[in-house]
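Shown next, in structure tokens, is the structure this report addresses.
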Amino acid sequence: MLALVVAHLAVAALLPLVSARHRRAAFGVAAVLPTATLLWALANTAPALHGGLTTTTAWAPTLGLTLSFRLDALALAMVVLVSGIGAVILVYCIGYFGAESPEAPRNAALLLAFAGAMLGLVLADDLLTLYVFWELTSIASFLLVGQSGEQREERRAAVQALLVTVFGGLAMLLGFVLLGEAAGTYVIPEILAAGQAGRLHGGVLTAALLLILLGAFTKSAQLPFHPWLPAAMVAPTPVSAYLHAASMVKAGVYLVARLAPGFSDLPVWWVPVVVVGLATMVVGGWRALSATDLKQLLAFGTVSQLGFLMVLLGSGGPLGEISALAGVALLLAHGLFKAPLFMTVGAIDHATGSRDLRKLSGLRTAMPGTAAAAALAAASMAGLPPLLGFVGKEAAFAGFLDEGGLRGWIVALGLVLGSTLTAAYSARFLWGAFARKPGVEPTPVHHRPGALLTVPIWICSVAGLVLGIAYPVVDVLGASYAAPYPHVSGYHLALWHGLGLPLLFTAVALGGGLVLHAQRDRITALAPRSPLDAQRGYELTIAAIARVALGVTGRLQVGSLPAYLATILVAFVLLPGAATVLGGGWPAGQPLYHSVMQVPLAIVVVIAALAVARAKRRFTAVLLVGVIGYGVGGQFIVDGAPDLALAQFLVETLSLVAFVFVLRRLPADFTEERPPRRVRVPKAVLGTVGGAAVAAFAVVLSGARTEPSSTIGEFVRLAPAEAGANNVVSAIIVDFRALDTLVEIGVLFIAAAGVASLVLATRYDRRGRRRVESGQSSPEHEEDVLG
Amino acid sequence: MTTMTTTMTMDPVTINMVMALTVGVLYAVGFTLLLSRSLMRVLIGVVVLGHGTNLLLQLAGGPPARPPIVGTAPPESFADPLPQALALTAIVITFALTTLLLALGYRAFVLVGHDEVQDDVEDRRIARQKVPSAPLEAGDGDEQDVESADDEVEAAAARGRDAAS
């Protein structure tokens, strides 16, 4: 299975080679792999339905990371959507994108890469593998929505889709880690078994499940995160049909369906799922009734249907078996009716150049074939027999009505309300796209959609009809998924369950939908009065984040070097300083000095240092620094380090020479204005505290030593024997640690090159521009030099 | 060899008070100079800090002892050669750093005519801004406003720069 996923990504990477020769052929090549995947999945139906087909590849075994994949009933249903509809839509793309379309190569490669990532997501058998593919689909969605990024609208929609889904994805990752650590494994079936056995509990589980649900809700465009989905409709129609109707937005529903058998008994799981799902179903349906762009209408319809699926696949309960069965049926049905409806919109757009249902008129006669296929799909969406949508909806009503009680009735009534709205917007879609409207000129059809645009629509619509009639196939698939739930009802999918409440509910929904459609003018007038606007909420949130970022940056990044250094210094004093005070002890028997000679040298160094701090003339300061350097060199002699002293004297002398070279070009005094007392005193205090901290570290840390270094003996023994040197220090530098010395010489070279180039640049400037003289502190000087 | 190290007379091994005070003063002066606005003072601060660090490295090896040169003294009385080697490397690196900073300071002085570390104009502009300059949801109109606001800040910063120099 890993090979299939990798093959998708590899072929996607090579696809631009095909596009370079023939743009439209690339889509045909791309369609081959999803078709093969679909056939492979169908060929493995038997093992998938009985226990599942598992493969595991070690990724980083020491970290417990594996790439494990599993094909079972739910994965099989999703593969049908991802690969089956994927292949159909890639074929549709051949007709949709023009032969010279500049977007075609990019879209072909990205669509196939997305198909691979989505395949990995639905086959993943462990939470971390799932997460990796989850984020890959988000990125693919961002790139496909954004397209070339030339239009503001595209960029904005792409960023919104990315921010919302990745925000949820990161929350979900946190939930995965909490859940995986609590269960001791990231393998999904083992986690579900632990959940069913009640071995997981407590606040960690609650937090983990809520975070995972957050991820699922954002990805599947549930309330209040849904606005990114209608916004994403700026993408080309095949992208909308594939990512934002058939496959990617189902990832959240899929995740909920995957985990529900283990956790749906817990109120922390089913209450949010039912409340958010029902609210989303109703709000999405209501918004679809006032949309005027056909794609927007379908997008809000998708939001609504995703809420529906969320309720069915996530709510569990005593009759979770039936709702799970209904969920699988509707999962398939939704892919098979929403994809062709989107493709219909694409075909209409292609033929007439418009998607506005107020302008379209009379296409029923102009495009009869497309109209018939779309009507078939819309009928499945509304829930008309004998289509798959009807079969699934019957089961959904039956499950919650049989469950009864407060929860069962509330959900059942909510579903009826949602289904009524669904029927209404299905009718609105057909009316808006194809009906002859009074007062509107029949829309001229510029070019009739070819077979490449219409055949894919027919394939999907007819598949919905065939599966509706061949409902036992779907029943076997759904029953295999629903197996973990207790078997009490003996319910099976069927076209005819006899007269009963479920059939009545379906009739109410259909009738109510037609009534609503008949009253469309009043509804359109009502719709804009919405008290809450989720899109506005998103915009306010983003604006608030930007303002907070600005405030934080403005306060932290003040642009002043002294302020930054002071911050570092304060942190140095507080953190290691506090640790030393709390953890270390002041050594006993602290001597005042070890050698009498240390005292006068120390006095010289201290006096010179204090004088440097107060020096006003540059040359005085440099000379005093020289005094410090020679004083420290003297200390080295006392300490028994003649090599060090030699190096120190040499370096100090050379530094003095270098300083003098520069100083002769600079003003004699420090040009800096003497800062006010309120700035000077804190700086001096901070410096003093920092120095005291260093002295305290030196004493406390050196006091922690219990005996001299044990390496001395070896160095002394090896220096004459191995390096042939009596001076142990030089043996270390040129022999034992020769690589250090080599790098040190490298540092000297780099510094020398830097110094040389800086000095030469100045000389070059002066030759080129006679007027520029160093040391002129005027604005004209700056302009002259910088040009 | 192990017997040799235990017989060494290096007790106590802590840094004595006079040396701790010296290191402390060197660091205090170095830190204070580092915090000032004159590039030359900052550079001198770095040099003073370097002296303090080199001294500290050497002191960490232990109290004064005989130079570690075989044949001049019994090995038991040697000072630890490893910190000396490290301090020697540090001295040379400090020299490289000093000259490079000196050249940088000189170049900066030639270019801008003074050697003061000034506040970053861009950062000051961000701190003064009320609205993010590139909001994700901004319409065309907003962008205009932000741009004109940018111009104002830039002009103010330029005035400030002229006054400072």
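The values are calculated or read from the model by the stated rules, or taken from the named source; none is laboratory data. The model shown is predicted, which means the values in this text are computed figures rather than measured ones. Counting neighbours? That spans all protein chains shown, and the Cβs are built from the backbone with ideal geometry, glycine included.
What to note about this one:
- Meets criteria (within 28 Å of B:V29 (Cβ to Cβ) and more than 7 Å from chain A (Cβ to nearest Cβ)) for B:L49: yes
- If you check A:A571, A:A578, A:A546, A:A608 for being in contact with a helix residue (DSSP H, G or I) (Cβ under 9 Å, 6 or more places away or on another chain) and either surrounded by fewer than 17 Cβ atoms within 10 Å (Cβ to Cβ) or hydrophobic (A, V, I, L, M, F, W, C) (or both), only one passes: A:A608.
- Wholly within the stretch A:1-118, helices (runs of 4 or more DSSP H) carrying at least 3 residues that are buried (at least 20 other Cβ atoms within 10 Å of the Cβ): A:2-21, A:23-43, A:73-79, A:86-96
- Residue check, A:V699 modelled with pLDDT under 90 and not assigned by TED's automatic domain parsing to the domain that holds A:V651: no
- Hey, A:I712 modelled with pLDDT of 85 or more and closer than 19 Å to B:A79 by Cβ or not: yes
- Odd one out for B:G30 among (1) modelled with pLDDT under 95; (2) within 16 Å of the chain's Cα centre (by Cα); (3) under 26 Å from A:A647 (Cβ atoms): (1)
- Residue match in the stretch A:593-601 (condition: more than 58 Å from the chain's Cα centre (by Cα), assigned to a helix (DSSP H, G or I), within 22 Å of B:G52 (Cα to Cα) and more than 7 Å from every other protein chain (Cβ to nearest Cβ)): yes
- Some residue of the stretch A:60-73 being under 25 Å from A:A245 (Cβ atoms), out of contact with any strand residue (DSSP E or B) (no Cβ under 9 Å at 6 or more places or on another chain) and not acidic (D, E): yes
- Check on A:G585, more than 10 Å from chain B (Cβ to nearest Cβ) and either under 23 Å from B:T14 (Cα atoms) or assigned to a helix (DSSP H, G or I) (or both): yes
- Scope the stretch A:659-672; condition among the β-branched types (V, I, T) and either surrounded by fewer than 14 Cβ atoms within 10 Å (Cβ to Cβ) or farther than 27 Å from A:V622 by Cβ (or both); matching residues: A:V660
- Annotation: B:S36 fulfils all but one of (1) of a type in the set (S, T, Y); (2) part of a helix (DSSP H, G or I); (3) surrounded by 23 or more Cβ atoms within 10 Å (Cβ to Cβ); the unmet one is (2).
- Of the residues making up the stretch A:378-387, not a single one is touching a Ser or Thr at 6+ places or on another chain (Cβ under 6 Å), touching a residue at least 60 places away in the same chain (Cβ under 8 Å) and polar (S, T, N, Q).
- The combined condition, being in a helix (DSSP H, G or I), of a type in the set (A, V, I, L, M, F, W, C) and free of Cβ contacts under 8 Å to residues at least 40 places away in the same chain, is not fulfilled by A:W431.
- All positions within the stretch B:55-93 that are part of a helix (DSSP H, G or I), more than 7 Å from chain A (Cβ to nearest Cβ) and touching a Leu at 6+ places or on another chain (Cβ under 9 Å): B:L57, B:P83, B:L86, B:A90
- Residue within the stretch A:54-66 that is hydrophobic (A, V, I, L, M, F, W, C) and over 25 Å from the mean Cα position of the chain (by Cα) present: no
- Failed criterion for A:T541 (all others in (1) touching a residue at least 24 places away in the same chain (Cβ under 8 Å); (2) farther than 21 Å from A:Y471 by Cα; (3) part of a helix (DSSP H, G or I) hold): (1)
- One residue stands out among those in the stretch B:100-140 that are at pLDDT below 75 and among the acidic types (D, E): the one that is farthest from the chain's Cα centre (by Cα), which is B:D140.
- Of the numbered criteria (1) buried (at least 23 other Cβ atoms within 10 Å of the Cβ); (2) under 16 Å from the mean Cα position of the chain (by Cα), the one B:Q58 fails is (2).
- Of the helices (runs of 4 or more DSSP H) contained entirely in the stretch A:127-229, those carrying at least 3 residues that are touching a helix residue (DSSP H, G or I) at 6+ places or on another chain (Cβ under 6 Å) and buried (at least 22 other Cβ atoms within 10 Å of the Cβ) fall at A:127-146, A:152-183, A:203-219.
- Neighbours by Cβ (under 6 Å, 6+ apart or cross-chain): first from the stretch A:445-472, free of Cβ contacts under 8 Å to residues at least 60 places away in the same chain; second surrounded by fewer than 22 Cβ atoms within 10 Å (Cβ to Cβ) and of a type in the set (S, T, N, Q): none
- Close contacts from the stretch A:692-715, counting a first residue that is within 18 Å of A:L592 (Cα to Cα) and more than 7 Å from chain B (Cβ to nearest Cβ) and a second that is part of a loop (DSSP other than H, G, I, E, B) and not β-branched (V, I, T), with Cβ to Cβ under 6 Å and a gap of 6+ residues or different chains, come to A:V700/A:G584.
- Of the residues making up the stretch A:434-470, those that are closer than 14 Å to A:A366 by Cα, part of a loop (DSSP other than H, G, I, E, B) and not charged (D, E, K, R) are A:A435, A:P442, A:T443, A:P444, A:V445, A:H446, A:H447, A:P449, A:G450.
Let's see how each residue does on (1) of a type in the set (F, W, Y); (2) within 9 Å of chain B (Cβ to nearest Cβ); (3) under 22 Å from B:L21 (Cα atoms); (4) touching a residue at least 60 places away in the same chain (Cβ under 8 Å):
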| site | (1), (2), (3), (4) |
| --- | --- |
| A:G626 | no, no, yes, no |
| A:P642 | no, yes, no, no |
| A:F649 | yes, no, no, no |
| A:L654 | no, yes, no, no |
| A:A658 | no, yes, no, no |
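- Number of the exception - A:R156 against (1) within 14 Å of another protein chain (Cβ to nearest Cβ); (2) modelled with pLDDT of 95 or more: (2)
- Only one of A:T344, A:T302 that is within 26 Å of the chain's Cα centre (by Cα) and crowded, with 24+ Cβ neighbours inside 10 Å: A:T302
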